[in-house]
Amino acid sequence: MENLTFFEIAKILISFAICAPSGHNSQPWKFQVVGNTIVISPDFSKRLPVVDSSDKELFISLGCALENLQIAATNYGYLSDYDYTDGKIVVTFTKSDSCVADTLFAHIKTRHTHRGSFTGAKIPQEQIETLKIIDNKSIVTFASGTTEANFLCREIADGNVIQMSDTAFKRELLSWMRFNKKHIEQTQNGLCYNVLGFPATPKFMGKKIVKTCLKPDSQNKTDDKVNASASHFCLLCTDGKSEKDYIALGKTLERLLLTVCGSGLAYNFSNQPCEIPALTEKLRSELNIAGHPSILLRLGYGGEPKSRAPRESVESVMVE
Ligand SMILES: Cc1cc2nc3c(=O)[nH]c(=O)nc-3n(C[C@H](O)[C@H](O)[C@H](O)COP(=O)(O)O)c2cc1C
């Protein structure tokens, strides 16, 4: 490592950054190495204009990638800081003997979004409290079965009715689905059949089958089962609605997800109520939340995945 140039180190750090989660696994980021900095820019060609018309989830995803980059840097002896100006995140690095490696580094490559139901076991409340310490202000949790959690389940169901009745939402979702190995190899992104637990099919057939499943009733049946098996629900909220706020929340989210996976717990997203402004406002008022609910997670216990979501190559996300 001592002999590597900063550019070579930067490529290693970027390989950890791109392990971050992103909406529809769209991977909406570009990286540029400039001197001793790495500049992260949004890749607007990966926008999700229907489900994420304000780019909130896009900037949260960038925040997740930024957090991975900064955690990985500590493993190579670099302290780092970032600034967000003119639509770009500029991360500066300083080699330091006093730099302590972040223990979350060990979980960057194994973190994954759990698919399907949880085991149904309850997470001890003390463990939930340790998760909240990551950012007590942004993270709010609700144990399953409470009035608040039941309200969230109803909002997820209402979100499904709205989204699954929206042709544009379904068209966008379908465009990010990958139906077989060749389809995955061509893109290295998106929501893949093997990760979601479906058999491989030719593209035209997969589209037809999935179209018939994208209905409010069938989506609610699936979500009811997952909701019932979750131990807790977790809302992440921002103070404001700026890109800076969303990037900062993405950093908190990634620390939370790495901690969850590193502690033998599992999580998945049920973000519908945070994607539909009327439902988001309802969450604020009914749950008496001062901030803006931006991510809704379920927490529980689950096994290792059979397949992991693919990532585009480091070279393809780097710009000169
Ligand atoms: C901001 C954001 C929003 C997301 N929303 C959802 C969601 O509503 N439903 C869902 O199943 N997954 C959601 N995901 C998870 C992504 O689909 C997942 O991160 C991606 O497929 C890559 O898989 P991995 O997390 O296992 O690496 C979201 C992720 C991010 C970062």
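Here, each number is a calculation from the coordinates, and none is a lab measurement. Remember, predicted model here, so these are calculated numbers, not experimental data. No Cβ is skipped: glycine too gets one built from the backbone with ideal geometry, and neighbour counts run over all protein chains shown.
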Self-check item: Given charges at beta-carbon only (K, R positive; D, E negative), |dipole| of the chain in Debye
Solution: 1360
Quiz item: Could you give me the ³J(HN,Hα) list for region 270-276, computed from phi with Karplus coefficients 6.51, -1.76, 1.60 and θ = phi - 60°, whole Hz, x at Gly and Pro?
Solution: 9, 8, 3, x, 8, 9, 10
Quiz prompt | Candidates Ile276, Ile156, Ile38, ranked by Gaussian network fluctuation over the chain, Cα under 10 Å, top entry | solution = Ile276
Practice problem: Quick one: grab the alpha carbon gyration tensor of region 210-320, order the square roots of its eigenvalues as a ≥ b ≥ c, and give me rounded if a/c is under 1.5, else prolate or oblate depending on whether a/b is larger than b/c. | Solution: rounded
Self-check item: Helix-only mean residue ellipticity at 222 nm for the chain, each DSSP H run of n ≥ 4 adding -39500 (n - 2.57), per residue, nearest 500
Solution: -13000 deg cm²/dmol
Exercise. Write down the Kirkwood hydrodynamic radius of the chain, to one decimal in angstroms, obtained as one divided by the mean of 1/r over all alpha carbon pairs.
Key: 20.2
Quiz item: What residue among Thr85, Thr74, Thr222 shows peak mean-square fluctuation when the chain is described by a Gaussian network model with Cα springs under 10 Å?
Solution: Thr85
Quiz item: What whole number of Å gives the distance from the Cα centroid of region 216-282 to the Cα centroid of region 57-106?
Solution: 23
Quiz item: Given Cα pairs under 8 Å that are at least 6 residues apart, what percent is the relative contact order of the chain?
Solution: 25
Exercise. Based on other C-beta atoms within 10 Å, arrange Glu286, Glu148 from fewest to most.
Key: Glu286, Glu148
Quiz item: Top mean-square fluctuation among Pro42, Pro202, Pro124, Gaussian network model of the chain, C-alpha springs under 10 Å?
Solution: Pro124
Exercise. Give the span of region 94-202's Cα atoms along each principal axis, as three whole-Å numbers ordered largest to smallest.
Key: 52, 46, 28
Quiz item: When Lys225, Lys215, Lys46 are ordered from fewest to most other Cβ atoms inside 10 Å of their Cβ, what list results?
Solution: Lys225, Lys215, Lys46
Quiz item: Per the Debye formula with a single identical scatterer at each Cα and no solvent contribution, what log10 I(q)/I(0) holds for region 6-111 at q = 0.10, 0.22 Å⁻¹?
Solution: -0.27, -1.17
Quiz prompt | Global form of region 125-300, assessed from the alpha-carbon gyration tensor, a/c cut-off 1.5 | solution = prolate
Quiz prompt | Fewest-first sequence of Arg115, Arg298 by Cβ atoms within 10 Å of each Cβ | solution = Arg115, Arg298
